[in-house]
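The next block holds one structure in the form of structure tokens; read it before the comments.
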Amino acid sequence: MVNSLFRMCAATAAAIVACAAPANGGGQALGMLDQIDSGRWEVRFRDAGSNLQRLCVDNGRRFIQLRHQDDACERFVVQDGASEVTVQYTCRGRGYGRTHIRRESNRLIQIDSQGIAQGLPFEFTAEARRVGDCSG
């Protein structure tokens, strides 16, 4: 039973990797995130007592790695739709994550993300809303 479960998980993981396209593949992938308005955004984390994070965003791709913001990571696009994207990323030696972003408008998105950061698991859902221009 354990052996067949392991084979099934390995086959699923291999299929995801085989079907995924590099996120920086010629600038064609993740077009939905490129339509997100730049500016000051507030990210409200639903599972952390309404924890709020403010970001100055010049590109919607910034929302992919909220737990690995400054890390250069390898990204693979799992789903690239007109209103939803799913990206899996690996930051060698620092962790990994899988983020699903759904666009309600160019100023409002829903984010689901999970993975490992700083050696600990994370999982969150959040709503991000553009609230103005970046100052400075």
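Suppose the filter is within 17 Å of ALA29 (Cβ to Cβ) and not basic (Lys, Arg); does GLU104 pass it? Reasoning before the result, please.
Values: within 17 Å of ALA29 (Cβ to Cβ): no; not basic (Lys, Arg): yes.
For GLU104, the condition - within 17 Å of ALA29 (Cβ to Cβ) and not basic (Lys, Arg) - is not met.
So SER135 fits all but one of (1) surrounded by 17 or more Cβ atoms within 10 Å (Cβ to Cβ); (2) in contact (Cβ under 8 Å) with a residue 60 or more places away in the chain; what number is the exception?
(1)
How about the stretch 117-128: which of its residues are surrounded by 14 or more Cβ atoms within 10 Å (Cβ to Cβ) and farther than 12 Å from LEU66 by Cα?
Just the residues of the stretch 117-128 that are surrounded by 14 or more Cβ atoms within 10 Å (Cβ to Cβ), to begin with: 117, 122, 124-128.
Within the stretch 117-128, just GLU127 meets the criteria.
Looking at THR90, THR99, THR86, THR125 in this structure, which one is of a type in the set (Ser, Thr, Tyr) and in contact with a helix residue (DSSP H, G or I) (Cβ under 6 Å, 6 or more places away or on another chain)? Before the answer, list the steps.
Details: THR90 fails: in contact with a helix residue (DSSP H, G or I) (Cβ under 6 Å, 6 or more places away or on another chain); THR86 fails: in contact with a helix residue (DSSP H, G or I) (Cβ under 6 Å, 6 or more places away or on another chain); THR125 fails: in contact with a helix residue (DSSP H, G or I) (Cβ under 6 Å, 6 or more places away or on another chain).
The unique qualifying residue is THR99.
Tell me yes or no: at least one residue of the stretch 81-97 is without any contact (Cβ under 8 Å) to a residue 24 or more places away in the chain, within 19 Å of LEU33 (Cα to Cα) and charged (D, E, K, R).
No, the stretch 81-97 contains no residue that is without any contact (Cβ under 8 Å) to a residue 24 or more places away in the chain, within 19 Å of LEU33 (Cα to Cα) and charged (D, E, K, R).
Taking into account only those residues within the stretch 40-55 that are among the hydrophobic types (A, V, I, L, M, F, W, C) and modelled with pLDDT under 95, which is surrounded by the fewest Cβ atoms within 10 Å (Cβ to Cβ)? It would help to see each step written out before you state the result.
Taking the stretch 40-55 as the starting set, the residues that turn out to be among the hydrophobic types (A, V, I, L, M, F, W, C) are 41, 43, 45, 48, 52, 55.
The next check asks that each one be modelled with pLDDT under 95; those that pass are 45, 48, 52, 55.
On the way: PHE45: 17, ALA48: 12, LEU52: 10, LEU55: 16.
By that ranking, first place goes to LEU52.
The values are calculated or read from the model by the stated rules, or taken from the named source; none is laboratory data. Computed from a prediction, not measured in an experiment: that's the story for all the values here. We place every Cβ from the backbone using ideal geometry, glycine too, and count neighbours over all the protein chains shown.
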